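Enquirer: Have a look at this one.
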Amino acid sequence: MRDDLIYLDYAATTPLDPQVAELMSAMLKNDTSFANSSAVHIAGRRASVIVEQAAAQLARLLNCAPAELIWTSGATESNNLAITGAARYRTHRGKHLITMPTEHKAVADVFRALETQGFDVTWLSPDESGSLDLQDLDAAFRDDTTLVSIMYVNNETGVLQDIAAIGERCRNRDVLFHVDAAQGVGKLPFDLASLPVDLASMTAHKVYGPTGIGALYIADRPRCHVEPLYYGGGQQHGVRPGTLPVTLIAAFGLAAEIATSSMATDFEHVQALRERLWAGLQPIAGVVRNGDAENSYPGILNVSIDDIEGESLLLALEPLCVATGSACNSQNQEPSYVLRALGRDDALAQSAVRVSFGRMSTESEIDFAVERYRESVERLRAIAPGRAASAT
Ligand SMILES: *Cc1c(COP(=O)(O)O)cnc(C)c1O
């Protein structure tokens, strides 16, 4: 990591794996991979082989068939295509959909849009730890329910949902199950051969690949289809047409292959780092941990500090790069809607800071972060005792 900053915002986007960067620069500089992979000439066929190889690499990570993967521009597009596409495809069966308020905006706002288009959405609130109560789900199903969408790993808190149990309930009722797996793929096991999941969204830039490339898994099962959102040249069976970005796809493929072999090591690494970070932060007076300590992905630690406003802390913590709320919310000063849904009051939600780390993070970065946290909290409390830079 560059020495002018300490990057601890892996949940927003991860650095490129150096091997992936090398592959991309080689592809961009030379060879024939610039070709249109739909073209029948030799350059096109070469590009098409590169795309097929990448699909095989990603399919190995997920334990699915390469033909079950559709390339998109990222998890936002995958979520839009999966949810809107499946909801519209199944309107003959009904217009009732189920999700949670703690979803990423790229899911929640798709459902909000569908609500304005005649769909009926049930929003299931999590318990205090962030988990979905399965009995609430059981009670929410109706005869006209067609789709459930629940994320795997929450991007703000790291909290995990029980994908197997939720999926089983959906399958028993012939309801499609979509999972926003953007924060989980490549970091935690996500075995689509055994999980009862019909649609799953993912993105390369959360797993050491580049931004601008994602994928949607569409299970090869009867009735599991999505209506396209765009129309064009018929690529990818018309489900998501458009000329494929071969270099980005190859990069995602390599990132997936690296993740397949390094997932266990990466996991142990972030687990040790989170323990170290929490051990360092816990002694600070007024520290509250957001999200479940056990049932969560250990590359994310979300903490509130009683009387300290998150935005002020964020600035005081520089050159640490950490996040308040979710990255997408940084433009507004609203307290995190995810933490509000977990029952945190406005002040605690507003004081939340997310520290996230991964493969390239080091113990010394964590130690630096802890030191910086202690200094900053002390400084902010000295400036404004009682309620430092309190929320306006
Ligand atoms: C990052 C993220 C997204 C959006 O992914 P993009 O590839 O940036 O569009 C969606 N859902 C979750 C859970 C995320 O973490």
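Enquirer: If one takes the longest principal axis of the Cα atoms in the chain, at what angle in degrees, from 0 to 90 and to the nearest 10, does the Cα axis of helix 246-281 lie?
Expert: Computed tilt is about 20 degrees.
Enquirer: Can you check what the Kirkwood hydrodynamic radius comes to for region 216-298, Cα pairs only, in Å to one decimal?
Expert: Roughly 17.4 Å, rounded to one decimal.
Enquirer: Under a point spin-label approximation (7 Å from Cα along Cα-to-Cβ), what is the ALA164-GLN53 distance to one decimal in nm?
Expert: 3.5
Enquirer: Regarding region 41-101, what is the average projected area of its C-alpha convex hull, in nm²?
Expert: 6.5
Enquirer: Relative contact order (percent) for the chain, with alpha-carbon contacts under 8 angstrom and 6 or more residues of separation?
Expert: Answer for the chain is 22 percent.
Enquirer: State whether the chain is rounded, prolate or oblate according to the following rule on the C-alpha gyration tensor (a ≥ b ≥ c being the square roots of its eigenvalues): a/c under 1.5 gives rounded; otherwise a/b larger than b/c gives prolate, and the remaining case gives oblate.
Expert: Since a/c reaches 1.5 but b/c is at least a/b, the shape of the chain is classed as oblate.
Enquirer: Looking at the chain as a GNM with Cα springs under 10 Å, which of LYS206, LYS29, LYS187 has the largest mean-square fluctuation?
Expert: It is LYS29.
Enquirer: Order these peptides, 42-48, 135-141, by their mean beta-carbon neighbour count within 10 angstrom, highest first.
Expert: 42-48, 135-141
Enquirer: Now for a separate question. Cross-link candidates for LYS206: which aspartates and glutamates have Cα within less than 15 Å, leaving aside residues fewer than 8 places away along the same chain?
Expert: Once the sequence-local aspartates and glutamates are set aside, what remains near LYS206 is ASP9, ASP17, GLU77, GLU156, ASP180, GLU257, ASP266.
Enquirer: In percent, how large is the relative contact order of region 254-363, given Cα pairs closer than 8 Å and 6 or more residues apart?
Expert: 31
Enquirer: For the chain, give me the percentage of DSSP beta bridges that are antiparallel, rounded to the nearest 5 percent.
Expert: In the chain, DSSP labels about 55 percent of beta bridges as antiparallel.
Enquirer: Where a Cα-Cα gap under 21 Å defines reach, which lysines qualify for LYS29, not counting those fewer than 8 residues away within the same chain?
Expert: Those lysines meeting the cut-off do not exist here.
Enquirer: On to the next question. With charges only on Cβ, +1 for K and R and -1 for D and E, what is the dipole size of region 18-258 about its Cα centre, in debye, rounded to 20?
Expert: The dipole of region 18-258 has a size of about 840 debye.
Enquirer: Can you classify region 119-253 as rounded, prolate or oblate using the Cα gyration tensor, where a ≥ b ≥ c are the square roots of its eigenvalues, rounded means a/c under 1.5, and otherwise it's prolate if a/b beats b/c and oblate if not?
Expert: Because a/c hits 1.5 or more and a/b fails to exceed b/c, region 119-253 counts as oblate.
Enquirer: Of all GluC sites (Glu not before Pro) in region 119-202, which ones are in loop regions per DSSP and have a Cβ with at most 11 other Cβ atoms within 10 Å?
Expert: Taking region 119-202 and a limit of 11 other Cβ atoms within 10 Å, the loop GluC sites (Glu not before Pro) found are GLU128.
Enquirer: With the chain treated as a Gaussian network of Cα nodes joined by springs under 10 Å, which of ARG171, ARG344, ARG90 yields the largest mean-square fluctuation?
Expert: ARG171
Enquirer: Continuing with the same structure: Within straight cross-link reach of LYS95, meaning Cα distance under 29 Å, which lysines are found once same-chain residues fewer than 8 apart are removed?
Expert: Answer for LYS95, where 29 Å is the Cα cut-off: LYS105, listed by chain and number.
Since every read-out is calculated from the coordinates, none of them should be taken as a lab result. Keep in mind it's a predicted model, so treat the numbers as computed, not measured. Reconstructed Cβ throughout: ideal geometry from the backbone, glycine too, with neighbour counts over all protein chains shown.
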